[in-house]
Amino acid sequence: MKENNMIETNDMVYGVHAVTESLRANTGNKLYIQEDLRGKNVDIIKDLARNKKVSISWAPKKTLSDMTEGAVHQGFVLRVSAFAYSELETLIVKAEKEENPLILILDGLTDPHNFGSILRTADATKVSGVIIPKHRAVGVTPVVAKTSTGAVEHVPIARVTNLSQALDKLKEAGFWIFGTDMDGTPVQKWNTSGKLALIIGSEGKGISTNIKKQVDEMITIPMGGHVQSLNAGVAAAVLMYEVFRHKL
(Lines give C-alpha, C1' and ligand atoms only; values in the text may rest on other atoms or scores of the structure.)
Protein backbone atom coordinates (compact mmCIF):
# COMPACT_ATOMS: atom_id res chain seq x y z
CA MET A 1 0.00 0.00 0.00
CA LYS A 2 1.26 3.46 -0.80
CA GLU A 3 1.93 5.73 2.12
CA ASN A 4 0.41 9.08 3.10
CA ASN A 5 -2.59 11.09 1.92
CA MET A 6 -5.12 8.34 2.75
CA ILE A 7 -8.73 9.45 2.32
CA GLU A 8 -11.59 7.70 4.10
CA THR A 9 -13.77 6.94 1.09
CA ASN A 10 -14.43 3.84 -0.95
CA ASP A 11 -13.66 3.06 -4.57
CA MET A 12 -13.43 -0.11 -6.58
CA VAL A 13 -11.16 -2.01 -8.90
CA TYR A 14 -12.16 -4.84 -11.21
CA GLY A 15 -10.63 -7.50 -13.42
CA VAL A 16 -8.35 -10.40 -12.49
CA HIS A 17 -5.00 -8.56 -12.41
CA ALA A 18 -6.19 -5.35 -10.74
CA VAL A 19 -8.13 -7.22 -8.06
CA THR A 20 -5.23 -9.60 -7.36
CA GLU A 21 -2.68 -6.81 -6.98
CA SER A 22 -5.00 -4.72 -4.79
CA LEU A 23 -5.60 -7.68 -2.48
CA ARG A 24 -1.85 -8.32 -2.26
CA ALA A 25 -1.33 -4.65 -1.41
CA ASN A 26 -3.88 -4.90 1.44
CA THR A 27 -6.18 -2.22 0.02
CA GLY A 28 -9.25 -4.46 -0.40
CA ASN A 29 -12.37 -4.08 1.78
CA LYS A 30 -14.96 -6.35 0.15
CA LEU A 31 -14.76 -8.74 -2.79
CA TYR A 32 -17.62 -9.51 -5.17
CA ILE A 33 -17.36 -12.61 -7.38
CA GLN A 34 -19.73 -13.52 -10.20
CA GLU A 35 -21.92 -16.26 -8.75
CA ASP A 36 -21.71 -18.69 -11.68
CA LEU A 37 -17.96 -18.24 -12.21
CA ARG A 38 -15.69 -21.26 -11.86
CA GLY A 39 -12.01 -21.98 -12.48
CA LYS A 40 -8.46 -21.40 -11.28
CA ASN A 41 -8.76 -17.61 -11.01
CA VAL A 42 -11.77 -17.94 -8.71
CA ASP A 43 -9.89 -20.29 -6.37
CA ILE A 44 -6.73 -18.15 -6.31
CA ILE A 45 -8.51 -14.83 -5.71
CA LYS A 46 -10.94 -16.33 -3.19
CA ASP A 47 -8.05 -17.84 -1.16
CA LEU A 48 -6.11 -14.58 -1.34
CA ALA A 49 -9.13 -12.61 -0.07
CA ARG A 50 -9.61 -15.02 2.83
CA ASN A 51 -5.91 -14.78 3.76
CA LYS A 52 -6.24 -10.99 3.77
CA LYS A 53 -9.45 -11.18 5.88
CA VAL A 54 -11.52 -9.59 3.09
CA SER A 55 -15.19 -10.57 3.04
CA ILE A 56 -16.57 -12.23 -0.10
CA SER A 57 -20.01 -11.89 -1.69
CA TRP A 58 -21.33 -13.81 -4.69
CA ALA A 59 -23.38 -11.72 -7.12
CA PRO A 60 -25.05 -12.05 -10.54
CA LYS A 61 -23.08 -10.85 -13.56
CA LYS A 62 -25.58 -8.00 -14.09
CA THR A 63 -24.99 -6.69 -10.56
CA LEU A 64 -21.24 -6.54 -11.18
CA SER A 65 -21.81 -4.88 -14.55
CA ASP A 66 -24.02 -2.26 -12.88
CA MET A 67 -21.35 -1.66 -10.22
CA THR A 68 -18.69 -1.09 -12.86
CA GLU A 69 -20.97 0.83 -15.26
CA GLY A 70 -20.69 -1.83 -17.93
CA ALA A 71 -16.91 -2.27 -17.85
CA VAL A 72 -15.21 -5.62 -18.50
CA HIS A 73 -14.87 -6.92 -14.94
CA GLN A 74 -14.05 -10.60 -15.70
CA GLY A 75 -16.30 -11.60 -12.81
CA PHE A 76 -14.36 -9.85 -10.04
CA VAL A 77 -15.04 -6.50 -8.35
CA LEU A 78 -13.19 -5.32 -5.25
CA ARG A 79 -14.12 -2.39 -3.04
CA VAL A 80 -10.91 -0.71 -1.94
CA SER A 81 -9.73 2.18 0.20
CA ALA A 82 -9.19 5.38 -1.75
CA PHE A 83 -5.84 5.40 -3.52
CA ALA A 84 -3.02 6.67 -1.32
CA TYR A 85 -0.73 8.95 -3.27
CA SER A 86 2.94 9.29 -2.31
CA GLU A 87 4.32 12.58 -1.03
CA LEU A 88 6.47 14.34 -3.64
CA GLU A 89 9.41 14.66 -1.25
CA THR A 90 9.25 10.95 -0.41
CA LEU A 91 9.18 10.03 -4.09
CA ILE A 92 12.22 12.21 -4.84
CA VAL A 93 14.25 10.88 -1.89
CA LYS A 94 13.57 7.27 -2.92
CA ALA A 95 14.48 8.01 -6.55
CA GLU A 96 17.76 9.67 -5.56
CA LYS A 97 18.92 6.41 -4.00
CA GLU A 98 18.61 4.61 -7.35
CA GLU A 99 21.18 4.54 -10.14
CA ASN A 100 20.14 6.68 -13.12
CA PRO A 101 16.56 7.19 -11.88
CA LEU A 102 13.75 8.29 -14.19
CA ILE A 103 10.75 10.21 -12.87
CA LEU A 104 7.81 10.72 -15.21
CA ILE A 105 5.72 13.91 -15.10
CA LEU A 106 2.30 13.79 -16.80
CA ASP A 107 1.21 17.31 -17.74
CA GLY A 108 -2.58 17.39 -18.04
CA LEU A 109 -3.20 13.81 -19.18
CA THR A 110 -6.97 13.21 -19.16
CA ASP A 111 -7.46 9.75 -20.70
CA PRO A 112 -7.54 7.04 -17.97
CA HIS A 113 -6.63 4.35 -20.53
CA ASN A 114 -3.49 6.29 -21.48
CA PHE A 115 -2.61 6.78 -17.82
CA GLY A 116 -3.08 3.08 -17.05
CA SER A 117 -1.02 2.07 -20.07
CA ILE A 118 1.77 4.44 -19.05
CA LEU A 119 1.81 3.00 -15.52
CA ARG A 120 2.03 -0.51 -16.94
CA THR A 121 5.07 0.46 -19.02
CA ALA A 122 6.55 2.44 -16.11
CA ASP A 123 6.49 -0.69 -13.97
CA ALA A 124 8.04 -2.78 -16.75
CA THR A 125 10.88 -0.28 -17.28
CA LYS A 126 11.56 0.34 -13.57
CA VAL A 127 10.55 4.03 -13.59
CA SER A 128 11.20 5.50 -10.12
CA GLY A 129 7.89 7.34 -9.86
CA VAL A 130 5.19 9.37 -11.58
CA ILE A 131 4.05 12.92 -10.82
CA ILE A 132 0.59 14.17 -11.86
CA PRO A 133 -1.28 17.45 -11.24
CA LYS A 134 -4.35 17.56 -8.99
CA HIS A 135 -6.37 19.71 -11.36
CA ARG A 136 -7.48 19.28 -14.98
CA ALA A 137 -5.94 15.82 -15.21
CA VAL A 138 -6.97 12.22 -14.57
CA GLY A 139 -6.13 10.69 -11.19
CA VAL A 140 -6.04 7.03 -10.19
CA THR A 141 -9.51 5.68 -11.07
CA PRO A 142 -10.89 2.13 -11.42
CA VAL A 143 -10.31 2.35 -15.19
CA VAL A 144 -6.69 3.39 -14.62
CA ALA A 145 -6.17 0.52 -12.16
CA LYS A 146 -7.74 -2.00 -14.57
CA THR A 147 -5.73 -0.77 -17.58
CA SER A 148 -2.49 -0.81 -15.59
CA THR A 149 -3.09 -4.53 -14.77
CA GLY A 150 -2.02 -3.94 -11.18
CA ALA A 151 1.02 -1.73 -11.88
CA VAL A 152 -0.72 1.08 -9.99
CA GLU A 153 0.19 -0.78 -6.77
CA HIS A 154 3.92 -0.85 -7.63
CA VAL A 155 4.74 2.55 -9.14
CA PRO A 156 4.85 5.46 -6.65
CA ILE A 157 2.52 8.26 -7.78
CA ALA A 158 2.61 11.79 -6.36
CA ARG A 159 -0.25 14.21 -7.00
CA VAL A 160 0.76 17.87 -6.72
CA THR A 161 -1.08 21.18 -6.75
CA ASN A 162 1.62 22.97 -8.75
CA LEU A 163 3.67 21.15 -11.41
CA SER A 164 6.02 24.09 -11.85
CA GLN A 165 7.00 24.02 -8.18
CA ALA A 166 7.45 20.24 -8.40
CA LEU A 167 9.90 20.75 -11.27
CA ASP A 168 11.81 23.30 -9.17
CA LYS A 169 12.17 20.70 -6.40
CA LEU A 170 13.40 18.13 -8.90
CA LYS A 171 16.01 20.59 -10.19
CA GLU A 172 17.13 21.33 -6.64
CA ALA A 173 17.63 17.58 -6.19
CA GLY A 174 19.85 17.47 -9.29
CA PHE A 175 17.40 16.12 -11.87
CA TRP A 176 17.63 17.14 -15.52
CA ILE A 177 14.23 18.04 -16.96
CA PHE A 178 13.36 16.72 -20.41
CA GLY A 179 10.29 17.32 -22.54
CA THR A 180 8.91 16.03 -25.83
CA ASP A 181 8.59 18.23 -28.90
CA MET A 182 8.58 18.09 -32.69
CA ASP A 183 11.91 19.96 -32.70
CA GLY A 184 14.47 18.55 -30.32
CA THR A 185 17.27 16.07 -29.83
CA PRO A 186 16.47 12.79 -31.65
CA VAL A 187 15.69 10.10 -29.10
CA GLN A 188 18.55 7.90 -30.31
CA LYS A 189 21.02 10.68 -29.41
CA TRP A 190 19.50 11.34 -25.97
CA ASN A 191 22.05 11.20 -23.15
CA THR A 192 20.12 9.21 -20.55
CA SER A 193 22.79 9.06 -17.84
CA GLY A 194 22.20 10.77 -14.48
CA LYS A 195 18.96 11.79 -12.78
CA LEU A 196 16.20 12.23 -15.33
CA ALA A 197 12.73 13.76 -15.18
CA LEU A 198 10.65 13.38 -18.34
CA ILE A 199 7.51 15.41 -19.05
CA ILE A 200 4.75 13.87 -21.18
CA GLY A 201 2.22 16.42 -22.42
CA SER A 202 -1.56 16.11 -22.66
CA GLU A 203 -3.22 14.26 -25.53
CA GLY A 204 -4.34 17.36 -27.40
CA LYS A 205 -2.17 20.28 -26.33
CA GLY A 206 1.17 18.74 -25.45
CA ILE A 207 3.32 20.34 -22.75
CA SER A 208 1.87 23.59 -21.39
CA THR A 209 3.72 26.81 -22.22
CA ASN A 210 4.77 27.72 -18.67
CA ILE A 211 6.13 24.21 -18.06
CA LYS A 212 8.12 24.27 -21.32
CA LYS A 213 10.17 27.17 -19.93
CA GLN A 214 11.58 24.86 -17.23
CA VAL A 215 12.71 22.13 -19.63
CA ASP A 216 16.47 21.67 -19.99
CA GLU A 217 16.28 19.78 -23.28
CA MET A 218 13.56 18.70 -25.70
CA ILE A 219 13.54 15.16 -27.09
CA THR A 220 11.88 14.21 -30.37
CA ILE A 221 10.81 10.82 -31.70
CA PRO A 222 11.61 10.68 -35.45
CA MET A 223 8.55 9.87 -37.55
CA GLY A 224 8.55 8.81 -41.19
CA GLY A 225 4.83 8.65 -41.91
CA HIS A 226 2.08 11.16 -42.51
CA VAL A 227 0.86 11.71 -38.93
CA GLN A 228 2.51 14.44 -36.88
CA SER A 229 2.42 12.95 -33.40
CA LEU A 230 2.07 9.73 -31.43
CA ASN A 231 -0.50 8.82 -28.80
CA ALA A 232 0.74 10.03 -25.38
CA GLY A 233 0.92 6.48 -24.02
CA VAL A 234 2.89 5.24 -27.03
CA ALA A 235 5.30 8.20 -26.98
CA ALA A 236 5.89 7.72 -23.26
CA ALA A 237 6.56 4.01 -23.81
CA VAL A 238 9.15 4.68 -26.53
CA LEU A 239 11.00 7.13 -24.28
CA MET A 240 10.79 4.98 -21.13
CA TYR A 241 12.24 2.03 -23.02
CA GLU A 242 15.04 4.19 -24.44
CA VAL A 243 16.12 5.03 -20.87
CA PHE A 244 15.64 1.42 -19.74
CA ARG A 245 17.68 0.12 -22.70
CA HIS A 246 20.75 1.99 -21.49
CA LYS A 247 20.41 0.47 -18.03
CA LEU A 248 20.59 -3.12 -19.31
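Where the eigenvalues come from the Cα gyration tensor of the chain, what are the semi-axes √(5λ) of the equivalent ellipsoid, largest first, in whole Å? Don't skip to the end; give the middle numbers.
Values: eigenvalues 247, 71, 51 Å².
Those come to 35, 19, 16 Å.
In terms of accessible area, using a 1.4 Å probe and ignoring ligands and nucleic acids, Met67, Met182 rank largest first as Met182, Met67. Between Val238 and Glu203, the simple label model (points 7 Å from Cα in the Cβ direction) yields a spacing of 1.9 nm. Return one number: the angle in degrees, 0 to 90 and rounded to the nearest 10, between the long axis of the Cα atoms of helix 40-51 and the longest principal axis of the Cα atoms of the chain. The two axes meet at around 90 degrees.
For segment 12-80, the fraction of C-alpha pairs more than 13 angstrom apart is 56%.
Trp176 sits with roughly 150 Å² accessible to a 1.4 Å probe, with DNA, RNA and ligands left out of the calculation.
Within the straight-line cut-off of under 25 Å between alpha carbons, the lysines reachable from Lys46 are Lys2, Lys30, Lys61, Lys62, Lys146, sequence neighbours fewer than 8 places apart in one chain being disregarded. In the full protein context, the chain carries 50 Å² of accessible surface per residue, based on a 1.4 Å probe and ignoring ligands, DNA and RNA.
With the simple model of a label 7 Å out from the Cα in the direction of the Cβ, Lys53 to Asn29 spans 1.7 nm. Relative contact order (percent) for segment 12-80, with alpha-carbon contacts under 8 angstrom and 6 or more residues of separation? Relative contact order here is 53 percent.
Annotation: His154 carries an accessible surface of approximately 110 Å², with a 1.4 Å probe and no ligand, DNA or RNA atoms counted.
Normalised by the number of residues in the chain, what is the relative contact order in percent for Cα pairs under 8 Å and 6+ residues apart?
Values: 477 pairs, mean separation 51.8, N = 248.
Over the chain, the number comes to 21 percent.
For Thr147, the accessible surface of its heavy atoms amounts to roughly 30 Å² (probe 1.4 Å, protein chains only, rounded to the nearest 10). The simple Förster model, with R0 at 45 Å and r as the Cβ-Cβ distance, assigns Glu98 and His226 a FRET efficiency of 0.70. Per residue, the average separation of C-alpha pairs within less than 8 Å and at least 6 apart gives segment 142-229 a relative contact order of 32 percent.
Could you state the angle between the C-alpha long axis of helix 112-124 and the longest principal axis of the C-alpha atoms of the chain, as a value from 0 to 90 degrees rounded to the nearest 10? That works out to roughly 80 degrees.
The values are calculated or read from the model by the stated rules, or taken from the named source; none is laboratory data. Because the structure is predicted, anything quoted here is derived from the model rather than measured. Don't worry about glycine lacking a Cβ; one is built from the backbone with ideal geometry, like all the others, and counts go over all protein chains shown. Accessible surface is based on the protein model in full, side chains and every heavy atom, while ligands, DNA and RNA are left aside. Shrake-Rupley method; radii C 1.70, N 1.55, O 1.52, S 1.80 Å.
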